[in-house]
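Undergrad: If you scroll down you'll find the structure; I have some questions about it.
The values are calculated or read from the model by the stated rules, or taken from the named source; none is laboratory data. Keep in mind the model is a prediction, meaning the values are calculated, not measured. Virtual Cβ from ideal backbone geometry, glycine too; neighbours counted across all protein chains shown. Keep in mind that these areas ignore ligands, DNA and RNA; they rest on the heavy atoms of the full protein, side chains included. Shrake-Rupley method; radii C 1.70, N 1.55, O 1.52, S 1.80 Å.
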Amino acid sequence: MTDTLTLHWSPRSPYVRKVMVCAHEVGLVDRIEKVRSVAAMLKPNAALMKNNTLSKIPTLVRGDGLVLFDSVVICEYLNDLGGGSLFPASGDAKWHALRWHAYGDGFLDALILWRNEREREQPLAPLMDAFALKAEATLARLDEEAAALDQAPFSIGSVAIACALGYMDFRFADYGWRERAPRLARWHAAVSQRPSMQATLPVDG
Ligand SMILES: N[C@@H](CCC(=O)N[C@@H](CS)C(=O)NCC(=O)O)C(=O)O
């Protein structure tokens, strides 16, 4: 059977959220069977590792045994399967979408490392400063790009940036990113109204 889709899932993971946003957008959410999987850097998950030796979520297992990761690969798979338009096929629309995707994902990678460092008993000050500098510069640059984001079709790039900003709200609530990036905040407020975004708000627990 190729038609069962099992997703190693968590309501906290912003990368899983990207996948679920795409699933909603392309009308495949009911095809996905979610398996709550805890993935922590310091505690490899044996059950998850049977499917993905990297012990990372999201990981998607198809009925015929094909295992897909990481999040962008799963997103593109779902987009193809559902006949979506989240991955523009060619031209500048494609490169803008992929670049914004890389921007959103890279921002997320940095935020997750920043949070890990913050949780340590003695965070390394230069590392904390470097993360703060990158976050500030990234928000400023994305704020300059807010009008372009707004004009572009909703794509995998929009999904990644919206999920990164959602992660800021979830784990960096006191940071005040909206004051630093008011145009981006308006864009985020608009895309957050999409049912796919509303249905996938992160939840602790
Ligand atoms: N590049 C990966 C990142 C996935 C990722 O790092 N997920 C986190 C959860 S938010 C994870 O599985 N962490 C466990 C680990 O790194 O061992 C993707 O886009 O799927």
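Undergrad: Does segment 15-61 hold any residues that are crowded, with 21+ Cβ neighbours inside 10 Å and β-branched (Val, Ile, Thr), and which are they?
TA: Of everything in segment 15-61, those that are crowded, with 21+ Cβ neighbours inside 10 Å and β-branched (Val, Ile, Thr) turn out to be 16, 19, 21, 57, 59.
Undergrad: Identify, by number, the condition in (1) buried (at least 19 other Cβ atoms within 10 Å of the Cβ); (2) under 23 Å from residue 71 (Cα atoms); (3) of a type outside the set (Val, Ile, Thr) that residue 153 doesn't meet.
TA: It is condition (1) that residue 153 fails.
Undergrad: Out of curiosity, is residue 130 surrounded by fewer than 14 Cβ atoms within 10 Å (Cβ to Cβ) and either over 14 Å from the mean Cα position of the chain (by Cα) or without any contact (Cβ under 8 Å) to a residue 60 or more places away in the chain (or both)? Break it down into steps so the answer makes sense when it comes.
TA: Working: surrounded by fewer than 14 Cβ atoms within 10 Å (Cβ to Cβ): no; either over 14 Å from the mean Cα position of the chain (by Cα) or without any contact (Cβ under 8 Å) to a residue 60 or more places away in the chain (or both): yes.
Spelling it out, it is not the case that residue 130 is surrounded by fewer than 14 Cβ atoms within 10 Å (Cβ to Cβ) and either over 14 Å from the mean Cα position of the chain (by Cα) or without any contact (Cβ under 8 Å) to a residue 60 or more places away in the chain (or both).
Undergrad: Is there any pair with a first residue in segment 95-110 that is within 17 Å of residue 76 (Cβ to Cβ) and a second that is at pLDDT 95 or above and within 12 Å of the ligand (Cβ to nearest atom) whose Cβ atoms are under 6 Å apart and which are 6 or more apart or on different chains, and what are they?
TA: Pairs that qualify, where the first residue is within 17 Å of residue 76 (Cβ to Cβ) and the partner is at pLDDT 95 or above and within 12 Å of the ligand (Cβ to nearest atom), are 97/156; 101/156; 101/160; 104/160; 104/164; 105/160.
Undergrad: Could you grab the pairs with beta carbons closer than 6 Å, sequence gap of 6+ or different chains, first residue in segment 60-83 and in contact (Cβ under 8 Å) with a residue 12 or more places away in the chain, second one surrounded by fewer than 16 Cβ atoms within 10 Å (Cβ to Cβ)?
TA: 61/67; 62/2; 63/1; 63/2; 63/3; 63/4; 64/2; 82/27
Undergrad: Follow-up question, since we're still on this one. Pairs, please: C-beta under 9 Å, at least 6 apart or cross-chain, first residue in contact (Cβ under 8 Å) with a residue 60 or more places away in the chain and in segment 37-52, second within 8 Å of the ligand (Cβ to nearest atom) and acidic (Asp, Glu)?
TA: none
Undergrad: Give segment 156-205 a look and list any residue that's open to solvent by 10 Å² or more (accessible area, probe 1.4 Å), in contact with an Asp or Glu (Cβ under 7 Å, 6 or more places away or on another chain) and under 17 Å from residue 16 (Cβ atoms), or say none.
TA: Passing the criteria: none in range.
Undergrad: Taking the options 157, 176, 166, name whichever one is touching a Phe, Trp or Tyr at 6+ places or on another chain (Cβ under 6 Å) and of a type in the set (Gly, Ala, Ser). Spell out the reasoning first.
TA: Working: 176 fails: touching a Phe, Trp or Tyr at 6+ places or on another chain (Cβ under 6 Å); 166 fails: touching a Phe, Trp or Tyr at 6+ places or on another chain (Cβ under 6 Å).
Within the list 157, 176, 166, the selection yields 157.
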